[in-house]
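Some notes on the structure that comes next.
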Amino acid sequence: MKYISTPDNSSHSKAVSKKIRSPQKKRYKLRQQIAVEAARLMSEEGIDNIHNARKKAAHWLGIHDEHTLPDDDEILFQVKTHQSLYQSSSHKQLLANLRKTALNAMQLVSAFKPKLIGAVLLGYAHEHSSIDILIMADTPEELAVLLIAHNIPYQLRDWKLFFSKPGSKSKHHEQSVPAYQFYAGDQLINLIVLSENQRNMVPLDPGNWQTIQKASLTQVEALLKNNG
């Protein structure tokens with residue numbers, strides 16, 4: 001009986017497999033590079049907005065493929081890594097001070113159901129970060145009355161938020177809402193006002209289009225108690 005030898009396809013299969021994995025590995029490395037650079041920009045150059053830091057890092061690295069861009073969690077991981085390496089003790093104290101200031105501001109406007117959002121909540125704040133607080137009010141003027149009663153000078157500006165849009169081809173829409181800005185010492189605080197008819201609207205993080213993370217007054221108290 002004659003046996004017909006068949007060619008060894010193992011080396012060919014490995015080569016094909018390597019070609020398949022290679023673009024994925026390259027994309028992963030590029031994502032890491034962007035995340036590391038975005039984290040540096042946020043930690044050292046005072047960029048609070050993750051979306052802006054991601055775009056700037058990708059542009060600086062000459063990367064324009066949107067599929068290569070890291071998500072918020074990847075960037076935040078690198079931010080915390082950067083801070084633990086270069087700013088460990090000083091950043092922990094800074095974050096605790098910012099959260100204490102945020103808590104004081106939330107207590108001032110406790111009647112408006114305040115929710116802390118942004119860099120101070122998520123832990124990547126730096127010394128120039130603002131404290132951003134969402135509040136609910138029937139009319140923005142209610143907040144103005146409160147600030148005036150406490151002799152707090154303020155500025156009124158527009159704040160851009162994104163909301164989910166159920167039942168629409170577009171899953172989200174942009175909307176400007178009023179924000180009251182004032183200083184507590186050297187610290188900028190933004191009180192972002194949502195009206196009662198926006199109560200059931202869900203603010204989204206434009207970096208990943210997920211529900212924006214927020215913390216109530218009691219949750220911020222617990223955060224300070226547990227982590228500073």
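Residue by residue, here is whether (1) surrounded by fewer than 17 Cβ atoms within 10 Å (Cβ to Cβ); (2) under 16 Å from Glu37 (Cβ atoms); (3) under 20 Å from the mean Cα position of the chain (by Cα) holds:
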position	(1), (2), (3)
Gly62	yes, yes, no
Asp65	yes, yes, no
Asp72	no, yes, yes
Leu76	no, yes, yes
Ser84	yes, no, yes
Lys92	yes, no, yes
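Of these, Leu156, Leu108, which one is in contact with a helix residue (DSSP H, G or I) (Cβ under 9 Å, 6 or more places away or on another chain), crowded, with 18+ Cβ neighbours inside 10 Å and either free of Cβ contacts under 8 Å to residues at least 12 places away in the same chain or not polar (S, T, N, Q) (or both)?
Exactly one residue qualifies, and that residue is Leu108.
Take Glu37 and tell me if it is modelled with pLDDT under 90, acidic (Asp, Glu) and more than 13 Å from Ala119 (Cα to Cα). Don't jump to the end; show me each part of the working.
Working: modelled with pLDDT under 90: no; acidic (Asp, Glu): yes; more than 13 Å from Ala119 (Cα to Cα): yes.
In short, no.
Could you tell me which of the residues Ala125, Ala144 is under 26 Å from Ile50 (Cβ atoms), in the same structural domain as Ile192 (by TED's automatic domain parsing) and of a type in the set (Gly, Ala, Ser)? Write out each step before concluding.
Numbers: Ala144 fails: under 26 Å from Ile50 (Cβ atoms).
That would be Ala125, the only listed residue that is under 26 Å from Ile50 (Cβ atoms), in the same structural domain as Ile192 (by TED's automatic domain parsing) and of a type in the set (Gly, Ala, Ser).
Tell me the strands (runs of 3 or more DSSP E) entirely within the stretch 119-228 that contain at least 1 residues that are modelled with pLDDT under 90.
Numbers: elements: 131-137, 155-164, 172-184, 187-195, 203-205.
Output list reads 155-164, 172-184, 187-195, 203-205.
When you go through Lys113, Lys100, Lys92 one by one, which is the residue that is among the charged types (D, E, K, R) and more than 29 Å from Val193 (Cβ to Cβ)?
The conditions single out Lys92.
Applying the selection to the stretch 49-72, what residues are part of a helix (DSSP H, G or I) and in contact (Cβ under 8 Å) with a residue 40 or more places away in the chain? So that I can check it myself, show each step before the final result.
So the first thing to find is which residues in the stretch 49-72 are part of a helix (DSSP H, G or I), and the list is 50-61, 66-68, 72.
Answer for the stretch 49-72, where residues must be part of a helix (DSSP H, G or I) and in contact (Cβ under 8 Å) with a residue 40 or more places away in the chain: Ile50, His51, Arg54, His67, Thr68, Asp72.
Confirm whether Asn208 is touching an Asp or Glu at 6+ places or on another chain (Cβ under 6 Å), exposed (fewer than 14 other Cβ atoms within 10 Å of the Cβ) and not acidic (Asp, Glu).
Working: touching an Asp or Glu at 6+ places or on another chain (Cβ under 6 Å): yes; exposed (fewer than 14 other Cβ atoms within 10 Å of the Cβ): yes; not acidic (Asp, Glu): yes.
The answer is yes for Asn208.
The values are calculated or read from the model by the stated rules, or taken from the named source; none is laboratory data. Just so you know, these numbers come straight off a predicted model, no measurement behind them. Cβ: placed from backbone, ideal geometry, glycine included. Neighbour counts: every protein chain shown.
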